[in-house]
1. I'm trying to understand the selection: among the residues of the range 6-29, which are modelled with pLDDT of 60 or more and either over 27 Å from residue 278 (Cα atoms) or in a strand (DSSP E or B) (or both)?
2. Name every residue in the range 131-147 that is within 10 Å of the chain's Cα centre (by Cα) and either over 22 Å from residue 250 (Cα atoms) or not in a strand (DSSP E or B) (or both), in order of residue number.
3. Given (1) within 26 Å of residue 403 (Cα to Cα); (2) modelled with pLDDT under 95; (3) in a loop (DSSP other than H, G, I, E, B), where does residue 106 come up short, assuming only one miss?
4. List, please: which pairs have Cβ atoms under 6 Å, are six or more places apart or on different chains, and start with a residue in the range 238-249 that is free of Cβ contacts under 8 Å to residues at least 40 places away in the same chain and end with one that is assigned to a strand (DSSP E or B)?
5. From the list 46, 86, 32, which one is at pLDDT 85 or above, closer than 26 Å to residue 327 by Cα and part of a strand (DSSP E or B)?
6. Filter the range 155-186 down to the residues that are in contact with a strand residue (DSSP E or B) (Cβ under 6 Å, 6 or more places away or on another chain) and surrounded by fewer than 17 Cβ atoms within 10 Å (Cβ to Cβ) and list them by number.
7. Tell me whether the range 303-314 contains one or more residues that are modelled with pLDDT under 95 and in contact with a helix residue (DSSP H, G or I) (Cβ under 6 Å, 6 or more places away or on another chain).
8. Hey, could you check the range 87-104 for residues that are touching a residue at least 12 places away in the same chain (Cβ under 8 Å) and surrounded by fewer than 16 Cβ atoms within 10 Å (Cβ to Cβ) and say which is nearest to residue 123 (Cα to Cα)?
């Protein structure tokens, strides 16, 4: 496995059958098996403040408590991945299957919800023409936004309200949309001197009003059945003393409502990351119509079936200390959901923001110690009533192991 943290994280997330970052490699007849994974856990303490505290400050908290301490996984789940690859009939053939157990529980005698299966896909192709992927894997739209987020090695936000889940939120919903794990049929091009692209059909998500995002008075039973989504991304990556990558991606999905006709949810994004002399800079922006906020198709349509506008952005700066390898980083980002005229009685705008300061130290080439401080803020700008504001501040300490 490569020792650079960024590459290790990308490999851990994607666990691609064609990845060059091997974990435990086992020859098995015509196949080469690769067993790898992640184990991580963090002690976190979150304090809450702001409006609507009795129900958890605007969805950030956990009831009427003003603080929460937990031991939980971070943005990456624990996982065990088995991949295989072989060359048959002039084709590179591969597969990946992963299991993702959590490391947090809040109810005695109850463990059942702490299990995910994020990946189960096959690939085939050739370096001359590209490759096909069929099955469940990380989505295409906004995937580079999360892969370049420094909180992949840590916790980010959500530590106080997501205890008992398999992961926290990192910067999801406060700087970028979650790419999610989707069933898909996708084609990836060869790498032409750093240029590549991916296009695919992905499983549609149903539109629903935002769970835990909108004020209670704004929630409805609105639900739209989604049809196949179309996703794609293009990127250019370069190496050298000044290395980096620039990318853009998009998604489009039709949504049909029982009595309100149909519409289309769309979104696009653009981002870049540059690394020079130990410094890393990342900038990202995304814009959507009907895509919602935080997770796709969540809160994207108002009660009349009209699309809500949204956007996301974040900036991130890191520096790796020479000699010791410790990476220091700071990032800030926002996600905004705009209300329509049908929302006037409830909200005009919802904004989630997050600032994170972190230190990530490679104790060994596989084991990293992590310390983070984050401050999440949720703001409801309302026309018919006073605006609402709440904050959650989290300190997290822990470790993450790649193998």
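The values are calculated or read from the model by the stated rules, or taken from the named source; none is laboratory data. Everything quoted here is computed from the prediction, not taken from an experiment. Glycine also receives a Cβ, built like all others from the backbone with ideal geometry; neighbour counts cover every protein chain displayed.
1. Within the range 6-29, 24, 25, 26, 27, 28, 29 qualify.
2. Answer for the range 131-147, where residues must be within 10 Å of the chain's Cα centre (by Cα) and either over 22 Å from residue 250 (Cα atoms) or not in a strand (DSSP E or B) (or both): 139, 142, 143, 144, 145, 146, 147.
3. Unmet condition: (1).
4. Close Cβ pairs (under 6 Å, with a partner that is assigned to a strand (DSSP E or B)) amount to 242/276; 243/275; 244/273; 244/274; 246/236; 246/272; 248/234; 248/270.
5. 46
6. 183, 185 - these are the residues of the range 155-186 that are in contact with a strand residue (DSSP E or B) (Cβ under 6 Å, 6 or more places away or on another chain) and surrounded by fewer than 17 Cβ atoms within 10 Å (Cβ to Cβ).
7. Yes - at least one qualifying residue is present in the range 303-314.
8. Result: 91.
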